[in-house]
Each structure stands twice: as structure tokens, then as C-alpha cells.
Amino acid sequence: MILLTDPSAFRKIRLATPEDVLRLGIICTASFRYSEQFIWERPYHAEYPQDTIVFFRHEVRSLIEDPKMIVAVAVDEYDPEESSKTGATIPVDSGWTPPDRGDEVVVGIAVWQLEPGSKRIGHFQSSSRLS
């Protein structure tokens with residue numbers, strides 16, 4: 001077991017917000033590109049990459065809105081070369097406006113489902129709402 005001696009490391013993890021959805025579509029596309037399921041479900045991803053990104057945005061949106069789910073994101077500095085580091089096709093016109101190099105962006109996602117009847121249901125949703 002690894003113990004973190006510096007609690008500031010957790011400042012790079014926070015609850016997901018509706019504002020993260022555009023970025024998370026890109027993150028999920030880049031990440032899941034290497035799964036067997038992705039390869040089977042999305043054989044035409046290279047020709048229609050926007051379809052993949054929109055699919056993941058809808059999935060993430062529903063998870064963030066679901067009171068039974070906890071959705072956390074990791075943040076780090078933006079690297080403008082990140083799209084070249086994945087086998088996924090990430091179009092420039094993905095609907096997300098990249099920030100300047102080094103600005104903080106979402107770089108990962110984690111999702112947990114609470115047990116039925118948990119007293120924590122509804123405690124982990126953002127106060128902002130998706131429209």
C-alpha cells in the first residue's frame with residue numbers, strides 16, 4: 001500500500017461538473033480507443049470521429065446527472081500535443097476550445113456507483129445543472 005504524505009496531491013482530483021462534458025468526450029475517446037469493445041463497436045471511428053466524441057459526451061452527461069453515481073475528474077496542465085499521443089482520431093473542430101499550454105484541464109475520469117439505499121445518494125452532484 002502506498003501512503004501519500006502530501007495531501008495537496010488530492011487538489012488535482014475533484015467532482016465532475018457539467019462544464020467538463022465537452023472535454024470528457026475527448027478524454028474518453030482517447031482513452032477507450034485501446035479497449036477491445038471500442039474496436040468492435042466503432043470500426044469506422046477514423047472516418048467519423050465526431051460520432052464517438054458525441055457518444056461519450058452523452059454517456060458522461062448522464063453519469064454526472066445520476067444521483068446514484070460519483071464522478072470525479074483528475075486535472076493537470078494542458079499539452080497541445082496530446083492528440084498526437086493517442087491512436088484515436090481527435091478532430092480539431094471537436095466543439096471544445098483548447099486553453100493555452102500549461103493551463104489546467106481535465107485529464108482523467110473515475111466513476112463509482114453507490115449501493116442501492118445508500119444515504120449518500122445525491123450528495124455528489126454538482127450544484128450547476130446541464131441545460
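Here are the numbers for the structure shown:
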| item | result |
| --- | --- |
| The stretch 93-109: number of residues that are in contact with a Phe, Trp or Tyr (Cβ under 7 Å, 6 or more places away or on another chain), open to solvent by 50 Å² or more (accessible area, probe 1.4 Å) and touching a residue at least 24 places away in the same chain (Cβ under 8 Å) | 2 |
| Hits in the stretch 80-94 - residues which are of a type outside the set (A, V, I, L, M, F, W, C) and either closer than 24 Å to I39 by Cβ or at pLDDT 95 or above (or both) | E82, S83, S84, K85, T86, G87, T89, P91, S94 |
| The stretch 10-19, subset open to solvent by 10 Å² or more (accessible area, probe 1.4 Å) and either in contact with a Lys or Arg (Cβ under 8 Å, 6 or more places away or on another chain) or not hydroxyl-bearing (S, T, Y) (or both), residue nearest to W112 (Cα to Cα) | L15 |
| In the stretch 33-91, the residues that are part of a helix (DSSP H, G or I), charged (D, E, K, R) and exposed (fewer than 14 other Cβ atoms within 10 Å of the Cβ) | E36, E41, D51, K85 |
| Inter-residue pairs, beta-carbon under 8 Å, first in contact (Cβ under 8 Å) with a residue 12 or more places away in the chain and in the stretch 16-41, second of a type in the set (K, R) and buried (at least 16 other Cβ atoms within 10 Å of the Cβ), 6+ apart | P18/R61; V21/R57; V21/R61; L22/R57; L24/R57; G25/R57 |
| Pairs with Cβ under 7 Å, 6+ apart, first in the stretch 78-92 and on the phi < 0 side of the Ramachandran plot, second hydrophobic (A, V, I, L, M, F, W, C) and surrounded by 11 or more Cβ atoms within 10 Å (Cβ to Cβ) | Y78/V105; S83/I90; T86/A30; A88/A30; T89/A46; I90/I26; I90/A30 |
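The values are calculated or read from the model by the stated rules, or taken from the named source; none is laboratory data. Everything numeric in this text was worked out from a predicted model, so none of it was measured. Neighbour counts run over all protein chains shown; Cβ positions are idealised from the backbone, glycine included. With ligands, DNA and RNA removed, areas are computed over all heavy atoms of the protein, side chains included. Shrake-Rupley method; radii C 1.70, N 1.55, O 1.52, S 1.80 Å.
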